[in-house]
Each structure stands twice: as C-alpha cells, then as structure tokens.
Amino acid sequence: MSSAPPTLAQQLHDGVLQSMAIARIRLDRALAQDGPLPRELGTELKLLLDQEIAGLRRLISGSAAPAPPQPDLPSALAATAEHLESLTGISILVENRTAPTGRWAENDLIAYRIVREALHNTVKHSDAKHARVGVATREDRLVCVVSDDGRGFEPSTDRPHFGLADMHAQARDAGGYLAVQPCRTGTSVTLILPRNPVLEGSVPQ
C-alpha cells in the first residue's frame, strides 16, 4: 500500500498553519515579558516567514512537498522534536525501540505526519512542560505513542478540528488505528499501523 500524497488542505495545515501557530506562541511569550522584543526573536520570525512564503510558492506552482531529509522515521521524529524544543522550550523525549534500518518502510511517512501533528497539538493546546514520543514494533505493527503532561484533552467534549480528523483519516486509510485519550497527567495519542516492508531508495511519496 503506497502512502497517498498529502492534499492541498493537509499541506497548508501541516506546514504554513503549524508554523504560524508556533510563531504566535513565541510572540505571545515575548510580549508577556517587560521590555522591547529581543532582536534575535525578530530574526527568527523573519526566517520562519521566509520559509513559509517559499512553501506557499511551491504549493501554488504544484511542486511536491519535500520529504524529511533524515534516513528513517526515528531520526526524522528526533529532528522534529529537537526543532520544536528549540522554538517552544517544551522538553520532548523520543524513545526509539525499533531496529535501525536507515530506510523508510511504506507506512512510515504516514506515521511521521500523524506524530508530527500530535506534537504540534501538544505545543499549541496543552500548556505542557514535557512530552514523550515512543516508537516501537510489535510483530507486523508499528506503534507510536505521544504523551504529554499538559492540561488534557477530551475528544468527546472539545470542539473538533481539522488536524485531529485528518489524523484519524490517515490512520484508517492506511489500515491502522488511532486513539486519543486523557492519561494520568495530560493526553496520550496512540497510533498503530501495519509495518510494511522497508522500501528501497528514499522516503515514499
């Protein structure tokens, strides 16, 4: 089963909107402090805007979204966690219990998109100080768990949003399962996908 390329709505949500939300968080935190805005914050936000303008131009031209440059799923998730840590100050631990392959299995890109969205939700909505990403395999299944120590999330009462619905749809279309539920402190997101054979070459598109 090949992973379908992301739709325009998915690319806008996962790219531009996520980056703008993080920029808003960074700006809100800076405005809450006394004194002028740090010059380095302005430089950082300018770089982010330049990147997203380039991304929008790519979408308008119909170019494909670039795949993660890392050689496999665990390293791509570690890079995403490190990036979000540097922007938000939230401590994100990635625990990988899969055997190193240096390749992407067929459903790994779907897992990457879903876990990345879960981490962005943690950043935007949870007020968490710590988050954890666990990656493991069980027989022919890939299991990813994202948890945080934030204020919690109740899917049955919180208003629905595009990102969560899309996470469920991607998991279902890949023959997998997604569960979002409160845990002892915060929220836990569990993703289970079929573990397809490792692909030759680079990231599946």
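Within the stretch 151-172, the set of residues being over 17 Å from the mean Cα position of the chain (by Cα) and modelled with pLDDT of 90 or more comprises 172 only. For the stretch 105-146, a residue qualifies if it is assigned to a strand (DSSP E or B), under 22 Å from residue 169 (Cβ atoms) and of a type in the set (Val, Ile, Thr), and the qualifying residues are 133, 135, 143, 145, 146.
Per-residue answers, yes or no, for (1) part of a helix (DSSP H, G or I); (2) at pLDDT 80 or above; (3) of a type in the set (Val, Ile, Thr); (4) more than 27 Å from residue 172 (Cβ to Cβ):
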| position | (1), (2), (3), (4) |
| --- | --- |
| 9 | yes, no, no, no |
| 17 | yes, no, no, no |
| 23 | yes, no, no, yes |
| 46 | yes, no, no, yes |
| 58 | yes, no, no, yes |
| 98 | no, yes, yes, no |
| 103 | no, yes, no, no |
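When residues of the stretch 86-96 are filtered for being at pLDDT below 90 and either surrounded by 14 or more Cβ atoms within 10 Å (Cβ to Cβ) or touching a Cys at 6+ places or on another chain (Cβ under 9 Å) (or both), how many remain? Working first, answer last.
Taking the stretch 86-96 as the starting set, the residues that turn out to be at pLDDT below 90 are 86-89.
When the remaining residues are screened for being either surrounded by 14 or more Cβ atoms within 10 Å (Cβ to Cβ) or touching a Cys at 6+ places or on another chain (Cβ under 9 Å) (or both), the result is 87-88.
Summing the residues that are at pLDDT below 90 and either surrounded by 14 or more Cβ atoms within 10 Å (Cβ to Cβ) or touching a Cys at 6+ places or on another chain (Cβ under 9 Å) (or both) in the stretch 86-96 gives 2.
Here residue 144 fits the description: at pLDDT 90 or above and surrounded by 12 or more Cβ atoms within 10 Å (Cβ to Cβ). Only one of the listed residues (73, 93, 87) is among the hydrophobic types (A, V, I, L, M, F, W, C), out of contact with any His (no Cβ under 7 Å at 6 or more places or on another chain) and over 20 Å from residue 143 (Cβ atoms). That residue is 87.
Do the conditions hold for residue 198, that is, is it out of contact with any Gly (no Cβ under 6 Å at 6 or more places or on another chain), under 20 Å from residue 73 (Cβ atoms), modelled with pLDDT under 85 and aliphatic (A, V, I, L, M)? Give the derivation first.
On the way: out of contact with any Gly (no Cβ under 6 Å at 6 or more places or on another chain): yes; under 20 Å from residue 73 (Cβ atoms): yes; modelled with pLDDT under 85: yes; aliphatic (A, V, I, L, M): yes.
Yes, satisfied.
Which residues, taken from the stretch 121-155, are among the charged types (D, E, K, R) and in contact with a His (Cβ under 9 Å, 6 or more places away or on another chain)? Explain how you work it out, then say what you get.
Initially, the stretch 121-155 is screened for residues among the charged types (D, E, K, R), giving 124, 127, 129, 132, 138-141, 148-149, 151, 154.
Answer for the stretch 121-155, where residues must be among the charged types (D, E, K, R) and in contact with a His (Cβ under 9 Å, 6 or more places away or on another chain): 148, 149, 151.
The values are calculated or read from the model by the stated rules, or taken from the named source; none is laboratory data. No experiment lies behind these values; they were computed from the predicted model shown. Neighbour counts run over all protein chains shown; Cβ positions are idealised from the backbone, glycine included.
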